[in-house]
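The values are calculated or read from the model by the stated rules, or taken from the named source; none is laboratory data. This one's a predicted model, so the numbers in the text were calculated from it and none came from an experiment. All Cβ positions, glycine included, derive from the backbone under ideal geometry; neighbour counts span all protein chains shown. Each accessible area value is taken on the protein alone, full model and side chains, heavy atoms only, with ligands, DNA and RNA left out. Shrake-Rupley method; radii C 1.70, N 1.55, O 1.52, S 1.80 Å.
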Amino acid sequence: MSLQLNYVQSYAAMVHAYLAAFPEDEAVARSVGGNLELFGVLEHSLLRQHGLKEDSRVVDVGCGAGRLAAQLRRYPQLRYLGLDVVPELLDYCRRKMARPDFRLELSQGNRIPLADGEADFVTFFSVFTHLLHEESYVYLQECARVLAPGGRVIFSFFEFAVEAQWSVFEGNVDWVRKRSYLGHINVFMHADDLRLWAKRLGFTVIAMERGDRPSIAVTPETATEAVPAGQRALGQSYCVLEKAKA
C-alpha cells in the first residue's frame, strides 16, 4: 500500500482541526480553500455558461460549506442536492448558505442518491482532486445514470501542464518528506485521459479548460458587489461532459 494513502489524514480531520483552532467562519473558509463568495460566483457563472436554467435540477457533490448553494438560492424553482463527507460543513451550509428546501445529505460511498435521469447538472468542484482515479470514474458512471439526456457534468482537476498547479504537487512532496502537519491526498489528471474516460462512458466533451486561462464569464447576472463582472480563471482546470441527448 502507498505510504501516502496509509498515512494520509482524512478531510474530516482537517476540518475538525481548523474548527478547533479558528472562529467558525474562518475555519470553514480555510477548509474549502478560502473566499467562499469568489469561488461560488465562478462556479455559478460556469454553470450558467453551460446551460443552467432557473428550474434546473443540480447535484453538487462535495458541496462543502455551500459556496455554490449560496449563489443558486436566488432561483425559486431550482432543485438542489448537496452532498459532502463532513457533517460540520453540511451543518454550516444548512444554517448559513442554503435554502430550506435545498436537500443536503452526507455522502455514502461514491453514490448519488437519485433515480435514473433525475438531474440536469452534476458538479464536482475540488472533489476529483482528492480521490483515486477509480473513485472519480465510479462517480462519473453514477452521473451517466442520474443525468437526464443532454444533462452535463462539470468537474475541476489538477494537471501538470498548468505551471501554477505545480505548487500543489510540491506541497505533496514536502508533506511526504516531513509528515509534520495535517495533509490530504491531491491527485493530478491528464486531459487526454479524461477524453478517453468520456468516450468509454458515452459522454461528449463540451469543454476542457486550463485553470490558468480566464475562460469563465462572470456576467452582470452572476456578479456580486465583491466579485464584479469580467473574464476570470478558476485556478483549477475544469471539464464539462454531456450525456447523449434522447
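Figures for the structure shown
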quantity: Probe 1.4 Å - accessible area at Trp175, Å² to nearest ten; calculated: 10 Å²
quantity: Label-zone membership for segment 51-86, site Ala207, 7 angstrom Cα→C-beta point, backbone N under 13 Å; calculated: 51-52
quantity: Segment 6-131: equivalent-ellipsoid semi-axes (sqrt of 5 x gyration tensor eigenvalues, Cα, Å); calculated: 24, 17, 13
quantity: Of all accessible heavy-atom area on segment 174-246, the percent that carbon and sulfur account for (1.4 Å); calculated: 51 percent
quantity: Surface per residue (accessible, 1.4 Å probe) for segment 1-137, Å²; calculated: 46 Å²
quantity: Gaussian network model of the chain, Cα within-10 Å springs - most flexible of Arg95, Arg57, Arg177; calculated: Arg177
quantity: Residue-normalised accessible area of segment 191-246, given per residue in Å² at a 1.4 Å probe; calculated: 55 Å²
quantity: Extension gain (nm, one decimal) between Glu105 and Gln141, 0.36 nm per residue minus Cα-Cα; calculated: 11.0 nm
quantity: Rounded FRET efficiency, nearest 0.05, which uses the C-beta distance separating Glu24 from Gln77 and R0 of 30 Å; calculated: 0.45
quantity: Semi-axis lengths, Å, the chain, gyration tensor of Cα atoms, sqrt of 5 times eigenvalues; calculated: 26, 22, 19
quantity: Helix-only mean residue ellipticity at 222 nm for the chain, each DSSP H run of n ≥ 4 adding -39500 (n - 2.57), per residue, nearest 500; calculated: -11000 deg cm²/dmol
quantity: Solvent-accessible surface ranking, highest first, for Tyr80, Tyr137 at 1.4 angstrom; calculated: Tyr137, Tyr80
quantity: Environment charge at Ala20 (Cβ cut-off 14 Å; Lys +1, Arg +1, Asp -1, Glu -1); calculated: -2
